[in-house]
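K.L.:
Sending over a structure as structure tokens; questions will come in a sec.
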Amino acid sequence: MREVAARAGVSIATVSFVVNGSRSVSAGVHRRVTDAMGELGYTNNVVARALASKRTRIIALLFPALEQRLGGIALHMFMSAATRASELGYHLVLWPTGQTDDDVRELVSGRLFDGVLVMEVQLHDSRVEALLELDLPFVSMGRTSQNDRVPYVDMDFEEAVEQALDHLQSLGHRSIGLVVEDFAGTPIVGYGPTARTEDAFRASTARRGLRSAVVTSGQSAVGGRQAAHDLVEALPDVTGVLMLKDDATGGLQSGLAATGREVPRDVSVVLLASSRAAGAATEPTMTTLDAPGAEMARLAVEALVARLDAGAGAGAGAAAAATGAGSGAAAGAGAGAGIAAGELTQVLLPCVLHVAGSSAPAPAPRAS
């Protein structure tokens, strides 16, 4: 460290500040120190730094059922979180766990991490309850049913349902179904996004006076085909479908086709909490409500780092600079609001409607 300080023309303390991230330095000084480290082949000993500072600068991302669900939006969220953590001087590790509080307690007992991000959140999530009890800094990427003490960043699934129904109703659709994933027998029964979407759909269609039905889909195309059969059986005059199950979209289309229904001539389809890339995987291209997954993960990391840095005495100014989220249930306002250290971060982000080829005016009633 002395050699690095001499090469950079700074004090040993300044080198320590840069290495440990324990105090901010100017961009020019930071660059001189890191350049000197590179020229001298200096590598930082993470274990030694953790012992000295009592911080590992590692964040764990808890993700259950890893072998089944790390794809699509979830993968984008992980990459966004890892990138933002690195920018803020932290390492992010993906930590596959079960859904029990024992898994969390074992994780925390090792003190390998400064803080935790939680994904695939259930309405009643024992992991979140354990983290509250253990008083480990965390941010939930999703909401439980009781959020008075839970810091979270989440998608506004209720508003996404309203946008999708507004779109289909404006096209004349009055008979609309919802397809959600079947989580029976999986580690994430009571998955928050599905439960919130279903509750919002039932309430909104009743309020609007629409005919409706909710069916579940299994995995991939096979599940989608069965969902189409179940939906037509439950709602024979269906002309619109909201779908929260990207990988079953092709199967839904082929299942509808087997009943003589073509998308969008006879049935319009809107994918919820999806992406344009997922919508483009079929013909016609699907209308989507694009999920703000990357933004959601970025804000969650920033909120957690703000808590960690504030707790380590980095100062309220540094903590506020480390986050761009708003507090309270402020849908969509988060990106530029900023939060002070100590505030309970609770942010809802909207999905964005992208109209494509799978939605069209409702057809004339089918002959009985």
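K.L.:
In region 181-215, how many residues are over 18 Å from Ala74 (Cβ atoms), assigned to a helix (DSSP H, G or I) and either touching a Phe, Trp or Tyr at 6+ places or on another chain (Cβ under 6 Å) or not aromatic (Phe, Trp, Tyr) (or both)?
P.N.:
10
K.L.:
Looking only at region 285-297, count every residue that is farther than 19 Å from Pro193 by Cα and open to solvent by 20 Å² or more (accessible area, probe 1.4 Å) and tell me the total.
P.N.:
1
K.L.:
Could you list, in sequence order, the residues of region 163-184 that are open to solvent by less than 40 Å² (accessible area, probe 1.4 Å) and not polar (S, T, N, Q)?
P.N.:
Result: Ala164, Leu165, His167, Leu168, His173, Ile176, Gly177, Leu178, Val179, Val180, Glu181, Phe183.
K.L.:
Right, another one. Out of region 254-272, which residues are surrounded by fewer than 24 Cβ atoms within 10 Å (Cβ to Cβ), touching a residue at least 12 places away in the same chain (Cβ under 8 Å) and within 20 Å of Val355 (Cβ to Cβ)?
P.N.:
Val263, Pro264, Arg265, Asp266
Listed here are the residues, each with its yes/no results for (1) small (Gly, Ala, Ser); (2) at pLDDT below 95.
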| site | (1), (2) |
| --- | --- |
| Met155 | no, no |
| Arg174 | no, no |
| Val179 | no, no |
| Ala184 | yes, yes |
| Gly190 | yes, yes |
| Pro193 | no, yes |
| Thr205 | no, no |
| Arg208 | no, no |
| Ala213 | yes, no |
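K.L.:
Quick one: would you say Leu231 is touching a Leu at 6+ places or on another chain (Cβ under 7 Å) and either basic (Lys, Arg) or within 18 Å of Thr197 (Cα to Cα) (or both)?
P.N.:
Spelling it out, it is not the case that Leu231 is touching a Leu at 6+ places or on another chain (Cβ under 7 Å) and either basic (Lys, Arg) or within 18 Å of Thr197 (Cα to Cα) (or both).
K.L.:
Something else now. For region 122-153, which positions are surrounded by 19 or more Cβ atoms within 10 Å (Cβ to Cβ) and either in a helix (DSSP H, G or I) or out of contact with any helix residue (DSSP H, G or I) (no Cβ under 7 Å at 6 or more places or on another chain) (or both)?
P.N.:
Asp125, Arg127, Val128, Ala130, Leu131, Tyr152
Residues checked against (1) modelled with pLDDT under 70; (2) part of a loop (DSSP other than H, G, I, E, B); (3) open to solvent by 80 Å² or more (accessible area, probe 1.4 Å):
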position: Arg7; (1), (2), (3): no, no, yes
position: Val10; (1), (2), (3): no, yes, no
position: Val25; (1), (2), (3): no, yes, no
position: Val29; (1), (2), (3): no, no, no
position: Ala36; (1), (2), (3): no, no, no
position: Val47; (1), (2), (3): yes, no, yes
position: Leu51; (1), (2), (3): yes, no, yes
position: Leu62; (1), (2), (3): no, no, no
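K.L.:
Further question on the same structure: So which residues in region 216-242 are over 14 Å from Thr205 (Cβ atoms), open to solvent by 10 Å² or more (accessible area, probe 1.4 Å) and part of a helix (DSSP H, G or I)?
P.N.:
Listed by number, the residues that qualify are Ser220, Ala221, Val222, Arg225, Gln226, His229, Asp230, Val232, Glu233.
The values are calculated or read from the model by the stated rules, or taken from the named source; none is laboratory data. Computed from a predicted structure; not experimentally measured. Neighbour counts are summed over all protein chains in view; Cβ atoms, including those assigned to glycine, are modelled from backbone coordinates with ideal geometry. The protein model used for the area step is the full one, side chains on, heavy atoms only, and it has no ligands, DNA or RNA in it. Shrake-Rupley method; radii C 1.70, N 1.55, O 1.52, S 1.80 Å.
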